[in-house]
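See below for the structure under consideration.
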Amino acid sequence: MPDVFADLVGQDEAVTELRRAAAAAAAVLRAGAADRAPALVAAGPTSAVEPASAPAGMDPSAGMTHAWIFTGPPGSGRSVAARAFAAALQCVHGTGCGECPGCRTTMGGTHADVRLVVPEGLSIGVSEMRALVLRAASTPSGGRWQVVVIEDADRLTEAAGNALLKAIEEPPPRTVFLLCAPSTHPDDISVTIRSRCRVVPLRQPPADAVAEVLVRRDGIAPDVAQWAAAAAQGHVGRARRLARDPEARKRREAVLAVPRRLTGVGAAFDAASALIEAAEAEAEASVTESDTTERAALETALGAGGTGRGAAGAMRGAAGQLKELEKRQKSRATRAQRDALDRALVDLAGFYRDALTMALGAPVAPVHTDTAALAGAGAQKWDAEGSLRRLEAVLACRAAIEANVKPRIAVEAMMLALWKG
Ligand SMILES: [Zn+2]
């Protein structure tokens, strides 16, 4: 079995740094077990007894730190890196061997000392964060580290960010925070949190590296893997979905048919509606099942269907909890819709990027090999300038939606701009 870093595609520098840190963390634990250095942050001049085996001045915690931020474009593997590092910290060999119980339970999501926060809605709230910080302060049951992984840390509310900051400022000795965010821009992560963390930048993995992992790990045929890796523009998860899921391929084809369909104002509005509705349908398919299961589970927990004397009163109190659940589910549905729409926009941007590089005669491979002919025709018609304006219209639409402009309005404006050029 390959080790825990095997799926981190095309990120050699980051993997080297994380391996070194995991080894340092293991050294801290060994020193702690021998009662020489009690903990990560307390290591240093306050130690009463100098380590017998380590040379004077050598800090066993060098190379390891208690707060990390993984940054990189979507699909570059931020959360993959964070989970792999968490596994390496819990690995009994301190390496992330991929075979020991520490590695296996962490990668399987069942390790008792690894908490994973995956925001389902638009933001991570303060109550969720407070509860998390509190639990993260307890002694690790496995004797190694308490690890908190926060995916999409850019979706923390301000209050939640403050709760997290307090924990990062005064970290419990055996707690490690792993944050994932698109970048360290203040819009994504507060400057004060950033200043307390070590940053691990991930890059967009090259298509060849993505194709290689699809073949090796997922058993996908090399030619399909090669195509999917290019079409997904370095997004590993998206490449896998394209290679495996015919529905995802169909949706992508529909998006790439948009430039052909823009023949007039009416057609532009139709195309906008089609794009929005496709995103809604995709999002609904992805959340409906979990919504139903959650509601049923909550109702059972609250004693729905009970006939005892307490049942009626319990149901009255339950109304508030159900309302809370509905609010959460609605927020999650909105997020899923935006994500689906964003994927479509990235595909569309790839098409106009192809037209632009062809108009410029740039010696680079097209993103979408299957619509290269169409992009070539566009390049002739629009020239570099017209292609660039269209590419910019797609990117402006993404930015507008990110800034909370109503998706339909942003997409309609984009379609008109794509039609008019
Ligand atoms: Zn291991």
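Computed from the coordinates by the stated procedures, all read-outs in this text should not be read as laboratory data. Because the structure is predicted, anything quoted here is derived from the model rather than measured. Cβ: placed from backbone, ideal geometry, glycine included. Neighbour counts: every protein chain shown.
For the chain, divide the Cα radius of gyration by the Kirkwood radius and give the resulting Rg/Rh value with two decimals.
Working: Rg = 24.8 Å, Rh = 24.1 Å.
Rg/Rh: 1.03.
May I ask you to evaluate 6.51 cos²θ - 1.76 cosθ + 1.60, the Karplus curve with θ = phi - 60°, for each residue of the stretch 183-190 and list the ³J(HN,Hα) values in order in whole Hz, giving x for glycine and proline?
7, 9, 4, x, 5, 8, 8, 5
Sorted by average packing, counted as other Cβ atoms within 10 angstrom per residue and highest first, what order do 396-408, 199-211, 71-83 take?
Peptide ranking by packing, descending: 71-83, 199-211, 396-408.
Considering only C-alpha atoms, what is the centroid distance from the stretch 200-242 to the stretch 146-173, in Å?
Measuring centre to centre over Cα atoms gives 31 Å.
Extension gain Ala373-Arg389, at 0.36 nm per residue separation less the Cα-Cα distance, in nm?
3.8 nm
Please give the FRET efficiency for Asp270 paired with Glu299, using the beta carbon to beta carbon distance and R0 = 30 Å, rounded to the nearest 0.05.
0.15
Taking amide H positions as placed in the peptide plane 1.01 Å from N, state which residues far from Phe70 in sequence (5 or more) or on other chains have amide H under 5 Å from it.
Leu179, Cys180, Ala181, Val200
Contour minus end-to-end for Ser141 and His185, with contour as 0.36 nm per residue of separation and end-to-end as the Cα-Cα distance?
Going from the current span to full extension adds 12.3 nm.
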